[in-house]
Amino acid sequence: MTNQGLIPYLGRAVSLTLFVTGLVHIRSGLLGPVLVTVALIIIWFLPTKPRPQDALAPHRLPAVIGPDLLCHLLTGFVIALPFWAGGDAGFSRSGINVMAIITWPMALGGLVLVAVAAENTSRLVRIEDDALEVATAWRRQLIRYADIAWIEPWRRGLPRVLRVLAPLLAASGHLTAAGGLMLARDSTGVGLKLADGRSIVIQREAFEKPLQRHLHVLKKKGVPMAAEGEQT
């Protein structure tokens, strides 16, 4: 990863830390609301990597801001819930409810959305004469069309453990976080199966029509779709 690619992750680490701390102290005067507000401001103003004009890239609001907000809400609530509930048994004598044993591991699932948002700030796809350019925060790849065996559909959803959390959040009165979990859509896109066995995923979020145009161009360049590839 380059230094530029590292910035989206560091910025989100700072904003998420502030957001979670703010939620934990949301009932302790102005500190909580101030930290939450600062975290949201950081999310909104995090820089994005400049892209060439002819590149296909996700739109910022649905592909970056959306996952960022959902991640902060989900992670913040599952970490803050045991502090809000309190308790007087076992390790919860410190004021942390024993439900932390269940909710805190669920926060790891929410961190997946941080990676999605950070990657979308740098992700681009560009069709060149002899190769397809696919770039993320981690790497830039030039894939020759002759090296693409076929293209197939791809789908990934939220971890099931987060879906299970929705009724708990709703029952505790946190309807915003519960609604976000229930309404979250699966990530979809296409997978490029390469001749050497590797697979490269291009997510569809926020640019369905442009991606379809790119797929049409790839097909004209002789890259088979899944049904054709399975027959070869």
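The values are calculated or read from the model by the stated rules, or taken from the named source; none is laboratory data. None of these values were measured; they are calculated from a predicted model. Every residue, glycine among them, receives a Cβ derived from its backbone with ideal geometry; neighbour counts consider all protein chains shown. Areas reflect the complete protein model, heavy atoms only, side chains present, ligands, DNA and RNA absent. Shrake-Rupley method; radii C 1.70, N 1.55, O 1.52, S 1.80 Å.
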Can you tell me which of (1) at pLDDT below 65; (2) closer than 19 Å to A115 by Cα; (3) touching a Leu at 6+ places or on another chain (Cβ under 9 Å); (4) not β-branched (V, I, T) is the one E205 doesn't meet? (3)
Show the residue pairs meeting these rules: Cβ distance below 6 Å; 6+ apart or different chains; first residue within region 12-41 and under 21 Å from I96 (Cα atoms); second residue in a helix (DSSP H, G or I) and of a type in the set (F, W, Y). V24/F83; V36/F19
Pull out all pairs, ordered by first then second residue, where Cβ-Cβ is under 6 Å, the residues are six or more apart or on different chains, the first lies in region 43-62 and is within 14 Å of R123 (Cα to Cα), and the second is open to solvent by 50 Å² or more (accessible area, probe 1.4 Å) and assigned to a loop (DSSP other than H, G, I, E, B). A57/R51
List every residue pair whose Cβ atoms sit under 7 Å apart, with the two residues 6 or more apart in sequence or on different chains, where the first one lies in region 187-199 and is farther than 18 Å from A63 by Cβ and the second, anywhere, is open to solvent by less than 10 Å² (accessible area, probe 1.4 Å) and not β-branched (V, I, T). K193/G229; S199/G191; S199/L192
Could you tell me whether region 51-60 includes any residue that is assigned to a helix (DSSP H, G or I), surrounded by fewer than 19 Cβ atoms within 10 Å (Cβ to Cβ) and at pLDDT below 90? yes
Listed residues L73, L113; which is closer than 25 Å to V201 by Cβ, part of a helix (DSSP H, G or I) and open to solvent by 10 Å² or more (accessible area, probe 1.4 Å)? L113
